[in-house]
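Worksheet: one structure, shown below.
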Amino acid sequence: MTHAALAPRGGRFKKLLRGKDDPNSPRLSPLWTFVAWLATLAFFAPVAWMVLTSFHQEADAATNPPTPFAPVTFDQYKLLFSRDITPFLLNSAMASILSTVLVLALAVPAAYALSIKPVEKWTDVMFFFLSTKFLPAIAALLPVYLIVKDAGMLDNVWTLVVLYTAMNLPIAVWMMRSFLAEVPKEILEAAEVDGAGLLTVLWRVVAPVAMPGLAATSLICFIFSWNEFMFAVNLTATQASTAPVFLVGFITNEGLFLARLCAAATLVSLPVLIAGFAAQDKLVRGLSLGAVK
């Protein structure tokens with residue numbers, strides 16, 4: 001049923017989904033291919049340099065000009081685990097994963113109501129979600145701090161979960177609304193004829209079809225939560241500090257710290273890189289799906 005319902009709309013995505021062996025698929029000229037590789041290398045070079053520096057001694061990392069062929073050592077990573085980075089990584093993972101799950105649980109029904117079953121004046125609702133991002137986060141820091149302090153929730157991971165959920169929810173609703181608008185109406189009508197309820201439609205019909213969009217939305221929300229620093233550094237102390245807060249502990253006014261900082265940044269970046277690599281096929285399809293009209 002799913003494939004049959006998707007068939008009438010398949011032509012819309014024909015150019016997008018063509019394989020590289022299709023003779024009719026567009027190809028980049030050698031010049032543009034070369035430019036694309038240069039741009040890729042330019043963006044990747046700082047990351048590669050950070051990883052390379054993390055395997056050097058502090059004296060070698062601080063030389064000017066740099067010494068990329070300095071002796072390789074794992075001392076910086078040994079130092080990281082000796083300073084017990086694990087609790088910071090666990091706090092980041094808990095806050096990021098739980099907030100992402102909550103965001104999806106709230107954003108999917110909201111996007112369903114705004115796209116597949118649009119409510120009255122849905123554009124005003126979308127603008128309201130967007131307007132919540134107009135206020136700079138630093139402007140809300142003091143009121144949020146006072147509320148959290150009065151509630152006795154300072155230095156608590158659940159405080160970060162709630163804040164990250166509120167921070168990412170508007171973005172998730174906008175993204176999922178674009179993705180769900182591409183779900184074929186024929187599938188939903190067939191499910192309703194079969195007597196499926198709202199939860200059944202969302203779980204068994206909408207979710208599988210919109211899986212690339214769900215993957216793209218969840219990964220972006222996870223990245224935003226994992227990298228968040230301002231609320232984490234101001235609302236946590238010792239029990240709920242996250243990985244970004246751990247990173248700044250290596251920056252000092254005296255002594256050398258570049259190699260240790262690069263090692264910590266490399267280690268903290270690994271979960272995001274692994275998640276992106278694991279979901280890369282769905283991520284590319286999801287980001288392109290919402291853009292095709």
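The values are calculated or read from the model by the stated rules, or taken from the named source; none is laboratory data. Everything numeric in this text was worked out from a predicted model, so none of it was measured. Cβ placement follows ideal geometry from the backbone for every residue including glycine, while neighbour counts extend to all protein chains displayed. With ligands, DNA and RNA removed, areas are computed over all heavy atoms of the protein, side chains included. Shrake-Rupley method; radii C 1.70, N 1.55, O 1.52, S 1.80 Å.
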For this session: Keeping all protein chains in position, work out how much accessible area Asp150 exposes to a 1.4 Å probe, and write it in Å² to the nearest 10.
Result: 130 Å²
For this session: On the full set of protein chains, 1.4 Å probe, figure out the accessible area of Trp158 and give it in Å² to the nearest 10.
Result: 130 Å²
Exercise. Hey, rough spin-label estimate for Phe134 and Ile251, points 7 angstrom out along Cα→Cβ, what's it come to in nanometres?
Worked result: 3.2 nm
Problem set entry | Computed FRET value (nearest 0.05) for Val193 with Val272, which takes r as the C-beta separation and R₀ as 30 Å | 0.10
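Can you tally the net charge around Leu79? Count Lys and Arg as +1, Asp and Glu as -1, for every other residue whose Cβ sits under 12 Å from the Cβ of Leu79. Don't jump to the answer; show the numbers that get you there.
Values: positive: Lys78, Arg83, Arg260; negative: Glu58, Asp75, Asp84.
So the surrounding residues net to 0.
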Seminar exercise, completed: Rounded to one decimal in nm, the spacing of the 7 Å Cα→Cβ label points at Thr67 and Phe43 is 3.4 nm
Problem set entry | Charge context of Pro170, other residues only, Cβ under 12 angstrom, K/R +1, D/E -1 | +2
Seminar exercise, completed: Rounded to a whole %, the carbon-and-sulfur portion of the accessible area of the range 30-75 at a 1.4 Å probe is 81 percent
Exercise. Where does each of Trp226, Trp203, Trp174 land when they are ordered by accessible area, with a 1.4 Å probe and the largest first?
Worked result: Trp203, Trp174, Trp226
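Which value, in Å², gives the accessible area per residue of the range 30-75 when a 1.4 Å probe is used on the protein heavy atoms?
Working: 3440 Å² over 46 residues.
Solvent-accessible surface per residue comes out at 75 Å².
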Seminar exercise, completed: Of Leu80, Leu214, ordered by accessible area with the largest first and a 1.4 Å probe, the sequence is Leu214, Leu80
For this session: At 0.36 nm per residue, minus the direct Cα-Cα distance, what do Ala207 and Val101 gain on full extension? Give it in nm, one decimal, please.
Result: 36.8 nm
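So, for the range 117-244, what is the accessible surface per residue at a probe of 1.4 Å, expressed in square angstrom? Intermediate values should be presented prior to the final figure.
Details: 6650 Å² over 128 residues.
Per residue, the range 117-244 has an accessible area of 52 Å².
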Exercise. How much accessible surface does Thr200 have with a 1.4 Å probe, in Å² rounded to 10?
Worked result: 60 Å²
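When only the heavy atoms of the protein chains count and the probe is 1.4 Å, how do Glu189, Glu182 rank by accessible area, highest first? Working shown, then result.
On the way: Glu189 110, Glu182 15 Å².
Putting Glu189, Glu182 in descending order of accessible area: Glu189, Glu182.
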